[in-house]
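Contents: one structure, followed by commentary.
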Amino acid sequence: MFQFKQFSVDQSNCAMKINTDGVLLGALAEANDPASILDIGTGTGVIALMLAQRFISAKIDAVEIDELAAATAAANFKNSPFADRLTCYPLSLEDYSNGHPSKRYDLIVSNPPFYINSLHSPEKQKQLAKHADQNFFENMLTDVSNHLSDAGTCWLILPLQTTVAVKAIAGSVGLVIRKIIHVRSFADKEAHREILALSFGSHKLEEEQFVIYESAGIYTHQYKHALREFFTIF
């Protein structure tokens, strides 16, 4: 059980536990008072819960293909103060999209499987949670473009080797990169993640740097500020 300031997250039966990628996406994804949010591959449900805390009027749908993880996320939603605004669907994005073809969202987020064409984990759950191929991202971004509202934004967090492919695919489905947050462990290290904001229309690209640690075990003010409304240690 991971205790946040306003909710708790049971991580039982989830291959992907709460991690830095997820909480950064939950804290940094921007939207202008979204009425509807979709979380793709919700896992424990932590990102959806963080967004429910941040955007107090938003209705949030979450999809999770792993049935055990989906059941855990659904229980976490039910036990949270935001239960009436959160719904978990134990489905793939493709099946969810086929069943809800007309749904549109002001904000779509995902901390997706990101190891493209790499060696797969031996454990089935971890393989499902961490690995994908090129077709996965082509299908996901096609579904995102079909479900994103005209003024909506999709936010993804990915390792650099995967963002190259994702940026190319985005353009093919009519999405543009409007913002990139370069995430570094330390100020003097190369970025190891990028948070991408995708939307329709034409936008001047914004870029930001985000540094997690001042030194070993010491978080930066930037990180503390981003997570201060969520982590009990801040």
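Quick look at the numbers
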| quantity | calculated |
| --- | --- |
| Per residue accessible area of region 20-106, 1.4 Å probe, in Å² | 40 |
| Loop-exposed GluC sites (Glu not before Pro) per DSSP, neighbour cap 15 Cβ within 10 angstrom, longest uninterrupted part of the chain | 31-122 |
| Extension gain, Ser8 back to Phe186 (0.36 nm per residue minus Cα-Cα distance, nm) | 61.2 nm |
| Computed lengthening from Tyr213 to Ala151, 0.36 nm per intervening residue step minus Cα-Cα distance | 18.9 nm |
| Whole-percent carbon and sulfur share, accessible surface of the chain, 1.4 Å | 50 |
| Local electrostatic count, Met1, Cβ distance below 12 Å [Lys/Arg +1, Asp/Glu -1] | 0 |
| Gaussian network model of the chain, Cα within-10 Å springs - most flexible of Ser57, Ser185, Ser202 | Ser202 |
| Over the chain, relative contact order from alpha-carbon pairs under 8 Å, at least 6 apart, % | 18 |
| Restraint check, Lys167/Lys189; Lys167/Lys204; Lys78/Lys224; Lys5/Lys78; Lys17/Lys179; Lys17/Lys103, Cα-Cα greater than 21 Å | Lys167/Lys189; Lys78/Lys224; Lys17/Lys179; Lys17/Lys103 |
| Accessible area of His225 in the full protein assembly, 1.4 Å probe (Å², nearest 10) | 90 |
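The values are calculated or read from the model by the stated rules, or taken from the named source; none is laboratory data. It should be emphasised that the depicted structure is a prediction, and the values quoted were computed from it without experimental measurement. Reconstructed Cβ throughout: ideal geometry from the backbone, glycine too, with neighbour counts over all protein chains shown. What goes into the accessible areas is simple: the full protein's heavy atoms, side chains included, and nothing from ligands, DNA or RNA. Shrake-Rupley method; radii C 1.70, N 1.55, O 1.52, S 1.80 Å.
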